[in-house]
């Protein structure tokens, strides 16, 4: 497991009458492939253009708008808050800056609560907290939390924004920081009707027997990995031309592939996904409990996938 290369920010953490410097590291790294738009003929990147919605030809014809090129330059772009569909309220950067909180880069713990008090539904992002000094204050906070079996709640003043945060112990020596959603950001749980027929005792016993065979003694997060990014990067490596001069031909071949051909290739290279999709078709019912494929069937699917030319 690779360690983060650099801190995303630094801050002064304060609690009670103590304070000490810390470094903040992002816990997770997005491994999803990032696609950009390129010109199918030459392979060059496509540039985003900012056009005025009132522009009909080569200049903006909106009343009070001076004639200029159709692509609005950066100095003429301002931010606006969309209050309603057709009601935009513009703000200058100075106006926005004046409304922000002071940029103190302070993480202030103002409350302590028993562990497990905060519902995980409030967790938005997670960061590692690492001491930026000799770690004495950091270790003091950890020992306080361990002795009181508590977590810290407070505010993180960063880049002019105020983030509500949850700080907890992690592992043998560490601390975690969770940025929290605000209460008004959480939606109510959707209402849904009860089942027409209650679950029978036989169905419950059958499900419990099956679940007992699925219980694991240790959670292995590496077993739950989306194979799509790895397949994309592997395919990209195969597509790379031996010389830079062949880039145009590669891009042209990519553009020539039709969507239907791409879908056909995906289906051919992933028979297991097709089997799962077909098994999910039609109305599902808890009273018709699905049967997990046997080990032999799983092995056959894996063998068929590994032997597929598109795998």
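Quick note: the coordinates plus some simple rules give every number you see, no bench work behind them. The structure displayed is predicted, hence computed values, not measured ones. Positions of Cβ are backbone-derived with ideal geometry, glycine not excepted, and every protein chain shown enters the neighbour counts.
The slack between residue 136 and residue 12, meaning 0.36 nm per residue of separation minus the straight C-alpha distance, is 43.3 nm. Fewest-first ordering of 217, 117 by other beta carbons within 10 Å of each residue's beta carbon gives 217, 117. This ranking places 97, 180 by how few other beta-carbon atoms lie within 10 Å of each, fewest first, which gives 97, 180.
Note on residue 83 and residue 113: their simple-model spin labels are 3.5 nm apart, each label 7 Å out from Cα toward Cβ.
Calculated FRET efficiency, residue 164 to residue 48, Cβ-Cβ distance, R0 = 41 Å: about 0.75 to the nearest 0.05. Of the residues 145, 214, the one with the fewest other Cβ atoms within 10 Å heads the list, and the complete ranking is 214, 145.
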